[in-house]
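Every number in this text was worked out from the coordinates using simple rules, so none of it is lab data. The model shown is predicted, which means the values in this text are computed figures rather than measured ones. So basically every Cβ, Gly included, is an ideal-geometry build from the backbone, and we count neighbours across all protein chains shown.
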Amino acid sequence: MDKNISFTLKVWRQRGPKAKGAFETYQMKDIPGDTSFLEMLDILNEQLVNENKEPVAFDHDCREGICGMCSLYVNGHPHGPATGATTCQLYMRRFKDGDTITVEPWRSAGFPVIRDLMVDRTAFDKIQQAGGYVSINTGGMPDANAIPIGKDVAEEAMDAAACIGCGACVAACKNGSAMLFVSAKVSQFALLPQGKVEAAKRVKAMVAKMDELGFGNCTNTRACEAECPKCVSISNIARLNREFIKAKLKD
Amino acid sequence: MWLTKSSVGRKVIMSVSGVALVLFLLFHMAMNLVAIFSTEGYNMICEFLGANWYALVGTAGLAALVVVHFVYAFVLTIQNRKARGSQRYAVAERPKGVSWASQNMLALGIIVVVGLGLHLFNFWANMQLPEVLHKLGMHVDSATMASVADGSGYIAKTFTCPVYAALYVIWLAALWFHLTHGFWSAMQTLGINNKVWFCRWKAIGNVIVTLIILGFLAVVVAGFFGLGALGA
Ligand code: HEM
Ligand code: SF4
Ligand code: FES
């Protein structure tokens, strides 16, 4: 059994996109170590509702690390101090009795705050809509299995496809760059025969959209891959650069 | 033009200009080592690289590279600060795997450019510049003209001064940090990288950059202590 802990919670509260936000401090008492971080926030919200106060708004959905909705910047790290895990997979046993835990929203011009800890990540949807798909007829599953693909290539494509679009890479980046996300979305197709057909068109469209939406220029600090809950590698960024430069030189 | 209009293109400009400058440094360092062994040899190189058309074209090319690299460093940094937004995190921790240099490239670059200014003042302003002015028909006093190719003399004169020696050491240290990140970062930007080559480029970069800096440092040290051909 995990021990119960008591701690101070500093949470960013902001009523709307234009409102000025500030930290509010809450005392949390006797929280069991096997409570997930989001469940702990549920407990806080229940207390707030009982006191007739506004609950804290935060994004969440699957609560099992696959949807990418949860997006909290906990104690200086997107998705908190754990590596290879989302906020919903973070447990209170990671913290110590008497700790102060600071919770902030993703901070990036590309992800404006909607309310409290919730940010608007539609920019990622727009980048995906610009070219993050295959529009040719690739047939059904048996057809896919008829094309031999090397194990290492398949694995690499699968690792890129593990990206859940959470935006932690942007949140971690001092340049507000979305390169890790875009490179994962470009790579998962560029590596496979069905995706190669439209690779040049895709990479140009997605980079153009990413730039248009105001994301920054990557300077390879590697903060993104260190904080990515799916451990997406910056080798994908090298592939994105390669695909983009190749496509532009061909034009 | 995609080189200036896209984020990846702007980074290509940064990396190509940076790598070209690294190649120049490699040459410059090798040339400087001669000064430790032979005054005549070194001054011959200096004469060779005086106000000749090829040396002047080279100098202009280098100046253009530095200006492009410098201007884009600021363009990128301003755009990136804007992309980051005005609201900063209250708690920020540098994650594992993120080097200090990678987050301070602009500051390191500014130290490098200030050092470059000092360097031009110490050497170029006494060597190539007066020769060019003289050729253009301007008056340059004969004592200056007599020593425009005395590179060894200027090295000895500059580095026996402890303040200059210390400033050059700081300059070289900043350059080392800038380039240990810059070298592999340039390969990554140009897309010639993957999981295997990541470690290789880092190792190759660290070796090349450390050799460059040690080579330059050797001349500063030899000048300061009057060793080899830089002795009295
Ligand atoms: C003039 C002063 C300089 C400034 C302000 C400056 C600044 C910068 C900045 C901000 C970056 C971007 C960070 C990054 O891309 O990782 C960078 C990259 C780089 N710099 Fe400099 N730098 C200067 C001088 C130099 C010099 C003299 C060299 C070479 C000897 C150099 C070599 C590089 C390289 C190789 C890169 C990596 C390019 C890339 O990542 O794509 N820099 N520099
Ligand atoms: S690359 Fe990683 S951090 Fe970025 S959106 Fe995808 S899963 Fe999240
Ligand atoms: S809530 Fe779905 S990944 Fe965390």
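Some observations on this one:
- Looking at the protein assembly as shown alone, DSSP beta bridges between its own residues are antiparallel in about 80 percent of cases.
- By other beta-carbon atoms within 10 Å, ranking B:40, A:155 with the fewest at the front produces B:40, A:155.
- Order of B:136, A:44, A:117 under a 10 Å beta carbon neighbour criterion, fewest first: B:136, A:44, A:117
- Among the residues of B:76-82, the average count of other protein chain beta-carbon atoms within 10 Å of the residue beta-carbon is 5.
- Applying the criteria of a DSSP loop state and at most 14 other Cβ atoms within 10 Å to the trypsin sites (Lys or Arg not before Pro) of the range A:47-144 yields A:53, A:96.
- Per-peptide average of other Cβ atoms within 10 Å, ordering A:6-17, A:196-207 highest first: A:196-207, A:6-17
- Among A:212-222, B:3-13, sorting by the average number of other beta carbon atoms lying within 10 angstrom of each residue, highest first, gives A:212-222, B:3-13.
- Phi angles across the range B:78-83 convert, under the Karplus curve 6.51 cos²θ - 1.76 cosθ + 1.60 with θ = phi - 60°, into 3J(HN,Hα) values of 5, 4, 5, 5, 5, 5 Hz, Gly and Pro given as x.
- 10 Å Cβ neighbours from other chains, averaged over peptide B:174-182: 1
- Sequence-ordered 3J(HN,Hα) estimates for the range A:184-199 from the Karplus curve with 6.51, -1.76 and 1.60 and θ = phi - 60° stand at 5, 5, 6, 5, 4, 9, 4, 7, 9, x, 5, x, 4, 3, 9, 4 Hz, glycine and proline given as x.
- Convex hull projection area averaged over all views, the protein assembly as shown, Cα basis, nm²: 30.4
- With N counted as the residues of the range B:134-226, its alpha-carbon radius of gyration over 2.2 N^0.38 Å works out to 1.56.
- When +1 charges are put on Lys and Arg Cβ atoms and -1 charges on Asp and Glu Cβ atoms, the dipole computed for the range A:1-65 relative to its Cα centre reaches about 520 debye.
- Projected-area mean, chain B, by convex hull of Cα positions, square nanometres: 16.0
- From phi via Karplus (6.51, -1.76, 1.60), per-residue ³J(HN,Hα) for the range B:17-29 in Hz, x at Gly/Pro: 5, x, 5, 4, 5, 5, 4, 4, 4, 4, 5, 4, 5
- Over all pairs of different C-alpha atoms, chain A has a mean inverse distance whose reciprocal, the Kirkwood radius, equals 19.6 Å.
- With the highest mean first, a sort of the peptides B:199-211, A:162-174 on other beta-carbon atoms found within 10 angstrom per residue produces A:162-174, B:199-211.
- Summed residue charge, Cβ within 14 Å of residue B:142's Cβ, Lys/Arg positive, Asp/Glu negative: -3
- With N counted as the residues of the range A:4-115, its alpha-carbon radius of gyration over 2.2 N^0.38 Å works out to 1.02.
- Look at the stretch A:228-240: the mean tally of other chain Cβ atoms within 10 Å of its residues' Cβ atoms is 3.
- The per residue volume of the convex hull around the alpha-carbon atoms of the range A:122-250 is 108 Å³.
- Residues A:143, A:251, A:159, A:99 in ascending order of nearby Cβ atoms (within 10 Å, fewest first): A:251, A:143, A:99, A:159.
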